[in-house]
1. Of the residues that sit in region 224-266 and are over 20 Å from THR62 (Cβ atoms) and among the small types (Gly, Ala, Ser), which one is farthest from the chain's Cα centre (by Cα)?
2. Restrict the check to region 282-291 and report whether at least one residue is closer than 20 Å to ARG65 by Cα, near the ligand (Cβ under 8 Å from one of its atoms) and either surrounded by fewer than 24 Cβ atoms within 10 Å (Cβ to Cβ) or under 23 Å from the mean Cα position of the chain (by Cα) (or both).
3. When the residues of region 247-259 are filtered to those that are free of Cβ contacts under 8 Å to residues at least 60 places away in the same chain and crowded, with 17+ Cβ neighbours inside 10 Å, which remaining residue is farthest from ARG49 (Cα to Cα)?
4. Considering each of ALA80, ALA127, ALA113, ALA93 in turn, give the residue that is assigned to a loop (DSSP other than H, G, I, E, B), at pLDDT 90 or above and over 30 Å from ARG285 (Cβ atoms).
5. What are the residues in region 112-139 that are surrounded by fewer than 17 Cβ atoms within 10 Å (Cβ to Cβ) and under 19 Å from LEU84 (Cα atoms), if any?
6. Within the set of pairs 6 or more residues apart or between chains, which connect a residue that is touching a residue at least 60 places away in the same chain (Cβ under 8 Å) inside region 260-289 to a residue that is part of a helix (DSSP H, G or I) and of a type in the set (Val, Ile, Thr) with Cβ atoms less than 8 Å apart?
7. Among the residues of region 204-213, are any more than 14 Å from the ligand (Cβ to nearest atom), among the polar types (S, T, N, Q) and touching a residue at least 60 places away in the same chain (Cβ under 8 Å)?
8. Just one of the numbered conditions (1) within 18 Å of the chain's Cα centre (by Cα); (2) within 12 Å of the ligand (Cβ to nearest atom); (3) in a helix (DSSP H, G or I); (4) not polar (S, T, N, Q) is not true of HIS221; which one?
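The values are calculated or read from the model by the stated rules, or taken from the named source; none is laboratory data. Since the model is a prediction, treat every value here as computed from it, not as a measurement. Neighbour counts are summed over all protein chains in view; Cβ atoms, including those assigned to glycine, are modelled from backbone coordinates with ideal geometry.
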Amino acid sequence: MEHRCPTRSRNVVGPVPYGGAVPVSPATAAAGDAVPVPVTTGITAARKRKNRAIAAETRIGTVRRARRMNRTLAEAFPDAHCELDFTTPLELAVATILSAQCTDVRVNLTTPALFAKYRTAHDYAEANRVELEEFIRPTGFYRNKTSALMGLGQALVEQYDGELPHTLDQLVKLPGIGRKTANVILGNAFDVPGITVDTHFGRLVRRWGWTAEEDPVKVEHAVGELFERKDWTMLSHRVIFHGRRVCHARKPACGACVLSNDCPSFGAGPTDPAVAAELVKGPERDHLLEMAGL
Ligand code: SF4
């Protein structure tokens, strides 16, 4: 199954909706709770009380629960990683730009031939536009992406001797690279901890009551405060893996979810184990169902 890439850059092709918030009951919304109790159906009164208790926990309670959930996710997804193929920081930057409005699978099918021909920032800076467009056409929006890649190559040659810089401030000033993409590059190519707030990440951390923020930068800061800096990059991968495989936007697999004990949104999706198990995707499916006791 193909997935939308978490690292797609909104700089290239315009805004991508940042949706996925859990619907909130009118009473809760009116009360203005920082962490709203999500609308859930088909769960017991005891479980509803538990969901409300989680949503009303103290700050230290949230920190402990969030770290416990991260440990569970680490067990669930021991191989969580950036799903774009790359061998150098430049290749990761290029792959991330290409992943705007495209799947990781499609990008990974396109980049081997591209990376064989375009090896350095100079190659992109001096590219023949029509030729480069043909290479990346399968990823969609290829004209905008070609402009971004050529602009990136030119900026790297002019400002950084053809190398990618290592800081967020410098990266976000480059063509085609927004904050999310910069954090992907920092975390995965330079080993500098970064939180990647893509649509999955934002949706899930709000579902989990880690934050009620909608703005990606505010989400990044709020979640960053719950964890040690060294954990940021792997946390991002695990949350995104869980969002792609289990906690789907429309039908989360609550009845087969390894996080059900700690999730205040339990019941947002089917709670029947057999029904929920059918919703779990990906190569880790058997392991996830076993962890969930199914
Ligand atoms: S799938 Fe899991 S994490 Fe997502 S809402 Fe359901 S119980 Fe919570």
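1. The qualifying residue farthest from the chain's Cα centre (by Cα) is GLY255.
2. Among the residues of region 282-291, not one is closer than 20 Å to ARG65 by Cα, near the ligand (Cβ under 8 Å from one of its atoms) and either surrounded by fewer than 24 Cβ atoms within 10 Å (Cβ to Cβ) or under 23 Å from the mean Cα position of the chain (by Cα) (or both), which makes the answer no.
3. HIS248
4. ALA127
5. Across region 112-139, the qualifying residues are PRO112, ALA113, ALA116, LYS117, ARG119, THR120, ARG137, PRO138.
6. What qualifies is ASP262/ILE54; ASP262/THR72; CYS263/ILE54; PRO264/ILE54.
7. Going residue by residue through region 204-213, those that are more than 14 Å from the ligand (Cβ to nearest atom) are 211-213.
Next, from what is left, pick out any that are among the polar types (S, T, N, Q): 211.
Those left that are additionally touching a residue at least 60 places away in the same chain (Cβ under 8 Å): 211.
So far as region 204-213 goes, yes, one or more of its residues are more than 14 Å from the ligand (Cβ to nearest atom), among the polar types (S, T, N, Q) and touching a residue at least 60 places away in the same chain (Cβ under 8 Å).
8. Answer for HIS221: the failing condition is (2).
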